[in-house]
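Each remark here refers to the structure printed beneath this line.
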Amino acid sequence: MRTALLQSSGRPGSVEGNLKVLDEAAASAAAAGAALLAAPEMFLTGYAIGDDIARLAEEADGEGADAVAEIAVRHGLAVAYGYPERSGDTVFNSAQLISADGTRLANYRKTHLFGCFERDHFTPGEQPVVQAELGGLRVGLMICYDVEFPENVRAHALAGTDLLLVPTAQMHPFQFVAESLVPVRAWENQMYVAYVNRVGQEGEFDFVGLSVLAGPDGVARARAGRGADLVLADADPAFLAASREANPYLEDRRPGLYGSLV
């Protein structure tokens, strides 16, 4: 499944502006044969927007989701994107996957909040594994800091995730996560990992870009630089199956030894 990663910070504070950026990226991705477009963490509204997070937060089936669904249908590809989700008086840092026919397939709430900024504005989610079937692959959702916890990604591996989508807002000086940690996560869990980042200065944060789609062999299939970009690569079920047969990490586990980890 050809997957496109939209590395962009869009128009922070402007849902309309971000939807326009997403629409243009979807057109380019579809023209290049992509079946899936993934956008960064909090892409719908912007990340470093302070109290506007609560003002712009909406329910999972809100107007923003409807607009993204229209983009998905118009261009004939699935779309994953980050946004602030409101549920009653609670706001979550969420990511949603919408199919090419406009169906909402999965919605994930970030379980590990990073730093005072996120803890001041969001409530952590409680469901670590959220998945959907798409294009012959089992696709999982996670957000940024979540992927830095090996237990989180291993839970996805044990649940059969083939392609893990990770909308992110990775900032300086933690670029080693994109450069080194993400390919290792893909290798040790025998899955594809699509890590799609924001870019440039936004408020107090300097986002480093370096979005990557890493394969189960630990090799980057596509990697962006430090500027706005749209990169594409394939998640190949046949290669994944062969890699899992050759690298039996999950089969060789000894869970009885790991009780002290929890």
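The values are calculated or read from the model by the stated rules, or taken from the named source; none is laboratory data. Model, not experiment: these values are computed from the prediction. Note that each Cβ is placed from the backbone with ideal geometry, even for glycine, and that neighbours are counted across all protein chains shown. With ligands, DNA and RNA removed, areas are computed over all heavy atoms of the protein, side chains included. Shrake-Rupley method; radii C 1.70, N 1.55, O 1.52, S 1.80 Å.
The magnitude of the dipole of the chain, with charges of +1 and -1 set on the Cβ of Lys/Arg and Asp/Glu and taken from the Cα centre, is near 540 debye.
Could you provide, to the nearest whole Å², the per residue accessible area of the chain with probe 1.4 Å?
Solvent-accessible surface per residue comes out at 41 Å².
What is the sum of charges around L19, taking Lys and Arg as +1, Asp and Glu as -1, for the other residues whose C-beta is under 11 Å from the C-beta of L19? Value of the local net charge: -4.
Histogrammed with a bin width of 10 Å, the alpha carbon distances of the stretch 91-185 distribute as 15, 47, 32, 6 percent, first bin at zero.
Amide H contacts under 5 Å for G225: L210, restricted to partners 5 or more places along the chain or on a different chain, H placed in the peptide plane at 1.01 Å from N. Mind jotting down the distance between the C-alpha centroids of the stretch 13-48 and the stretch 75-137, whole Å? First find each Cα centre; the distance between them is then 15 Å.
For the stretch 122-262, the spherically averaged projection of the C-alpha convex hull amounts to 9.5 nm². With a cap of 16 neighbouring Cβ atoms within 10 Å, and only residues DSSP puts in a loop, list the trypsin sites (Lys or Arg not before Pro) found in the stretch 142-238. Answer by residue number: R226. Taking only the alpha-carbon positions of the stretch 23-96 and ignoring solvent, what does the Debye formula give for the base-10 log of I(q)/I(0) at q = 0.28 Å⁻¹? Values returned for q = 0.28 Å⁻¹ are -1.25. Bridges between two residues of the chain, per DSSP, are antiparallel at a rate of about 70%.
Taking amide H positions as modeled 1.01 Å from N, with prolines and chain starts lacking one, the residues under 5 Å from L37 and 5 or more places away or on another chain are A4, A78, V79, A80. Calculated mean residue ellipticity, 222 nm, the chain: -7500 deg cm²/dmol, from DSSP H runs (n ≥ 4) at -39500 (n - 2.57) each, averaged per residue and rounded to 500.
Taking the alpha carbon gyration tensor of the stretch 84-141, multiplying each eigenvalue by 5 and rooting it gives semi-axes of 25, 13, 8 Å, largest first. Scaled to the globular estimate 2.2 N^0.38 Å, the Cα spread of the stretch 1-53, given as radius of gyration, is 1.19. Qualifying GluC sites (Glu not before Pro) in the stretch 170-262, where qualification requires a DSSP coil assignment and no more than 13 other C-beta atoms within 10 Å, comprise E204, E251.
To put it simply, the accessible area of the chain at a 1.4 Å probe is 50 percent carbon and sulfur.
Counted residue by residue at 0.36 nm each, then reduced by the alpha carbon distance between them, the extension gain from D120 to V73 reaches 13.4 nm. Sites listed here are chymotrypsin sites (Phe, Trp or Tyr not before Pro) in the stretch 162-202 whose DSSP assignment is loop and whose Cβ has at most 15 other Cβ atoms within 10 Å: F174.
One compactness figure for the chain is 0.93, namely its Cα radius of gyration divided by 2.2 N^0.38 Å.
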